[in-house]
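Nothing in this text is a laboratory measurement; each read-out follows from the coordinates by a stated rule. A quick note: this is a predicted structure, and the numbers were derived from the prediction, not measured. Here the Cβ positions follow ideal geometry from the backbone for every residue, glycine too, while neighbour counts run over all protein chains shown.
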Amino acid sequence: MRLLIAFMWLLHWLPLPILGRFGVAVGSLLFIAMPTRRAIALTNLRLCMPELTERQRVALARQHFQAYSRSVWERSILWWSSEARLNRLIKKVPAFPGQQIAAKPTILLCPHFVCLDVAGAATAMEISASSMYVQQKNAAFDQALRAGRSRFKPPKLFTRQDGIKTILRALRDGLPYFMLPDMDFGEKDAEFVPFFGVPAATLTATARLALAAKAQVIPVIATFLPNYQGWQVTYYPAWDDYPGDDITAATRRMNEFIEERVREAPAEYFWTHKRFKTRPQGEASFYNQHK
C-alpha cells in the first residue's frame, strides 16, 4: 500500500488529461477483472433503468468502472496539488454559498457520485465542516486519506458510534455537516422508500437532523467536466419547507432529487454498491449470486 501511495504521489504531477486517460484505461481492465462488482453494477442498472437494453446497461457499467477508476487516481491531485491548481481545475456553480451557510445550521448533502471527494475538497478550501468517517482497514491508506481530506480547513470527523448528538452539537455551533445519505446500512434508522421505483432501505437521518437542528439542506454534487478539463461542483439551492412534518415523505423527496441527478450523469453514480441489499421482510435478495 505504501508503494501504491508513493505511485499516486508521482501521478499528481501529470497533466489531468493524461492522468484521466490513465484512469479510464485502468477502469476498462477492472471491468473485466472484477466480475462480482460488475455483476452488482449490472443488477442495480437492471433494477433502476429497465428502459435500457442490456447492451446499453453493459456499456454504462463499463463507463462507470472507468469513471470510478478516474476518480481514484485523480484523487492524487486533491491530496497533493497546490490550492491554486485545484482552483483552476474546479468549477463551482454557482459561487460557493458561504454567506448562506454562515446564516444558519447547514447540512451539505453529497450523494455517492464518484467525484464526491472533489466536492469535499472544494468545500474544505472555503470552510471547516464536519462529516462521518469510516476508518480504513489499511493503516497506511487510512493515514493518507485522512491527511488528504484534512489539508485545507480542518474538518471534524465523527464515527457512527458517536451518535447523532455530537452532529447536532456541531451544527448548532455553526459547523456545517457534510452528509453522504444514500448507502444501505440496514433497517436501523431507515425506512423503505422508492429509489428508481424499487423500495430501498434509506436513512432518515437527513430529515431528522434538519428537523432537530432547524438546519437548511444544500445539496452539493461534483461531476467531471468534459474533455478532462477538471470537475464541476454544483451547490444547489437550499430545499424549501424541508423536512416538513412527514419524515417518510422528506426521505422520499431526497431520493427523488438523487434520481434526477443520477439521470444527468448516470455513469458517475456509485453502481457497485449493493444499494438494495436490505429487503422488506419476506422479499428475496437481488444479490444472492454476488456474495
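With every atom except the alpha carbons ignored, what do you get for Rg and Dmax of the range 14-97, in angstroms?
Calculated on Cα positions, Rg and Dmax stand at 15.9, 44 Å.
Through the Karplus equation 6.51 cos²θ - 1.76 cosθ + 1.60, θ set to phi - 60°, convert the phi angles of the range 95-100 into ³J(HN,Hα) values in whole Hz; use x for Gly and Pro.
These are the phi-based 3J(HN,Hα) values: 4, 4, x, x, 5, 5 Hz.
Quickly rank 72-80, 22-30, 172-180 as a protection proxy: mean count of other C-beta atoms within 10 Å, highest first.
Values: 72-80: 21.2, 22-30: 16.9, 172-180: 18.8.
So the peptides 72-80, 22-30, 172-180, ranked by packing, come out 72-80, 172-180, 22-30.
Taking every eigenvalue of the Cα gyration tensor of the range 152-225, multiplying by 5 and rooting it, what semi-axes result, largest first, whole Å? Mind dumping the intermediate values first?
Working: eigenvalues 104, 60, 30 Å².
Output for the range 152-225: semi-axes of 23, 17, 12 Å.
Using the crude model of +1 on Lys and Arg Cβ and -1 on Asp and Glu Cβ, and no other charge, please compute the dipole size for the range 1-264 relative to its Cα centre, in debye to 20.
The dipole magnitude comes to about 920 debye.
Under a 10 Å cutoff between Cα atoms, tell me which one of Ala147, Ala207, Ala61 has the largest fluctuation in the Gaussian network model of the chain.
Greatest mean-square fluctuation among the candidates belongs to Ala147.
From the list [x] 7; [y] 22; [z] 14, can you say which value of percent of Cα pairs over 36 Å apart was derived from the structure given?
Among [x] 7; [y] 22; [z] 14, the one calculated here is [z].
Find the centroid of the Cα atoms in the range 168-201 and in the range 39-74, then give the distance between the two in whole Å.
Answer, in whole Å: 23.
Among Ala103, Ala124, Ala249, determine the one that fluctuates most according to a GNM of the chain built with springs between C-alpha atoms less than 10 Å apart.
Ranking Ala103, Ala124, Ala249 by mean-square fluctuation puts Ala103 first.
Name the helices (complete DSSP H segments) of the chain with a Cα length along the long axis of 24 Å or more and a Kyte-Doolittle mean of at least -0.5, or state none. Before the final figure, lay out each step's value.
Numbers: long enough: 16-33 (25 Å, 1.87); 54-80 (40 Å, -0.77); 247-264 (26 Å, -0.86).
Span-like helices here: 16-33.
Could you work out how far the C-alpha centroid of the range 95-148 sits from that of the range 227-271, in angstrom?
16 Å
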